[in-house]
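The values are calculated or read from the model by the stated rules, or taken from the named source; none is laboratory data. Since the model is a prediction, treat every value here as computed from it, not as a measurement. When we count neighbours, we look across all protein chains shown, and the Cβ atoms used for this are built from the backbone with ideal geometry, even at glycine. Side chains included, ligands, DNA and RNA excluded: accessible areas come from the protein's heavy atoms. Shrake-Rupley method; radii C 1.70, N 1.55, O 1.52, S 1.80 Å.
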Amino acid sequence: MARATIKSIAKQTGYSVGTVSNALRGEDSVKRETREEIQKVAVEQGYKVNLAGLKLRTNKSYRIAVLVGLSTDATEEWEGVEFTRIVAGISTALQGSRYELSVCSVADLDDAMAALRTIVQERSADGVIFSGTRRSDPRIAYLQNQNFPFVTYGMSDSSEPHPYVDFDSESAAHDATERLLRLGHRWIALVNPPAELVYAGQRQTGYAAALQTAGVPVQPELIYNGPTTAQSGQEAFRSLMQRKDRPTGIICANEAMTLGVLSAAAEDGIRVGRDVVVISTDDLQLSKYFVPAPSAYYVPIDETSRLLGAFMLKSLDGVDPSEIQKKIRATLIERQPDTPPPNPAI
């Protein structure tokens, strides 16, 4: 097979050699649709660009940085499961482009801010992806101020639009609460992430809205905020079960917290599915192996992570941020029978 060249690509696409050359360099003078068409043909033909020379000519790194928040706490071993899936999906989306993935581990918000400043100042990446959006998130404010491309896994309260992919946390919490209310449950607990996270507020909004529609008062004592870990789930369960009016239904923020709740229930002799109903959200399909396996709201993590990569490429291509935003609604997977509370409210 003949070696792919700019001329062979021009011949197949029908564009001039100059247009093909500019498109392969990512020049803004070529329309985005045309660049994508030419770059697709270049990949099909096996065209190899001189990336070192291209970096010098364009002053770009052709790297996408992904900030991965990993704790040094040994009790938080679950964290790596989701991040591995996210990184794999982003990598898949970048296949066929010139961009490579660069993973940067950060321990906390200060660490993340330091990493972002280094990336922006040294231009060690052309764009950045991160998750765990917070209220008045300083990472978002900094990148917007620097006019530096980024995509978040999670919405934000920023007044300026930016690219994001998000799981519809509010709808999942609302639907789970409504489901328990229909069964007759009135003491429903929400085991939630730290309050400063945007999706914690979204979940609480959905939960409260379902209760209020049913005429059930929201009780702050039934809302637990803590790290999204199995240990935190255990602590939440034991704290909630010490109440005089202890919950008959518990909605957990993720599978790690759900696992902690199930573990504490088993150790304390409380039967999940009979004494208390547990529903997991932000599910990765791992909870089907839990005993007992809870009903869960499934999030297609592979789809969401691929979208993060695809949106990053579009952002780098100058697409309007308001056009690269996606909220994905979870799908309910029923693994437990509908169970009313032990002593239904009258």
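Under a 5 Å amide H to amide H cut-off, with H placed in plane at 1.01 Å, what residues pair with Val106 once short-range neighbours are removed?
It is Val68, Gly69, Leu70, by chain and number.
Mind checking the full-extension length gain between Leu183 and Arg329? Use 0.36 nm per residue of separation minus the Cα-Cα distance, one decimal, nm. Can you show the working numbers first?
Working: separation 146, 0.36 × 146 = 52.56 nm, distance 2.28 nm.
Extending this stretch completely gives an extra 50.3 nm.
Using the basic label-point model (7 angstrom from Cα toward the beta carbon), what is the Tyr142 to Glu33 distance in nanometres?
About 3.9 nm, to one decimal.
Only residues of region 235-251 count here: report those whose backbone N is under 20 Å from the spot 7 Å along Cα→Cβ of Ala195, or say none.
Taking a point 7 Å out along Cα→Cβ of Ala195, the residues of region 235-251 whose backbone N falls under 20 Å are 235-241, 243, 251.
Would you pull out the residues with amide H under 5 Å of Asp282's amide H, same chain only if 5 or more places away, H placed 1.01 Å from N?
Correct list: Tyr297.
How much of the accessible area of region 231-346, in percent, comes from carbon and sulfur atoms when a 1.4 Å probe is used? Numbers along the way, then the final one.
On the way: 2440 of 5270 Å².
With neighbouring chains kept in place, the figure for region 231-346 is 46 percent.
Please label the shape of region 171-246 as rounded, prolate or oblate, based on the square roots a ≥ b ≥ c of the eigenvalues of the alpha-carbon gyration tensor (a/c under 1.5 means rounded; beyond that, a/b larger than b/c means prolate, else oblate).
Note, shape of region 171-246 comes out oblate.
Mind checking the dipole of the chain: about its Cα centre, +1 per Lys or Arg Cβ, -1 per Asp or Glu Cβ, Debye to the nearest 20?
1120
Rounded to the nearest 500, what is the chain's calculated 222 nm mean residue ellipticity when only DSSP H runs of at least 4 contribute -39500 (n - 2.57) each, over all residues?
Roughly -13000 deg cm²/dmol at 222 nm, from the helical runs in the chain.
Set the Förster radius R0 to 35 Å, insert the Cβ-Cβ distance between Met113 and Lys288 as r into 1/(1 + (r/R0)^6), and round the FRET efficiency to 0.05. All intermediate terms of the calculation are to be shown ahead of the outcome.
Values: r = 38 Å, r/R0 = 1.08.
My answer for the efficiency is 0.40.
Take peptides 144-154, 114-124, 171-181 and line them up by average Cβ neighbours within 10 Å, highest first, as a rough protection proxy.
171-181, 144-154, 114-124
State the Cα centre-to-centre distance between region 115-142 and region 207-286 in whole Å.
The distance from the Cα centre of region 115-142 to that of region 207-286 comes to 33 Å.
What ranking do 34-47, 324-337 get when scored by the average of other Cβ atoms within 10 Å per residue, highest first?
On the way: 34-47: 16.9, 324-337: 14.8.
So the peptides 34-47, 324-337, ranked by packing, come out 34-47, 324-337.
With every protein chain left in place, what is the accessible area per residue of the chain in square angstrom, probe 1.4 Å? Please report the intermediate quantities before stating the final value.
Working: 16530 Å² over 346 residues.
Per-residue value: 48 Å².
Roughly what % of Cα-Cα distances in the chain sit above 36 Å, to the whole percent?
Details: 19096 of 59685 pairs.
Of all Cα-Cα distances in the chain, 32 percent exceed 36 Å.
Name the long-range amide H neighbours of Ser131: under 5 Å, sequence gap of 5 or more, or other chain; modelled H, no Pro or chain starts.
Those lying under 5 Å, H to H, from Ser131 are Tyr153.
Calculated FRET efficiency, Asp245 and Ser105, Cβ-Cβ r, R0 41 Å, to nearest 0.05?
The pair Asp245/Ser105 has a calculated efficiency of 0.45.
Distance in nm between label sites at Gln212 and Asp320, each 7 Å beyond Cα in the beta-carbon direction?
3.2
Just going by the charge dipole of the chain, with Lys and Arg at +1 and Asp and Glu at -1 on Cβ, which of Thr248, Ser102, Ser171 is farthest out on the positive end?
Among Thr248, Ser102, Ser171, the one farthest towards the positive end of the dipole of the chain is Ser102.
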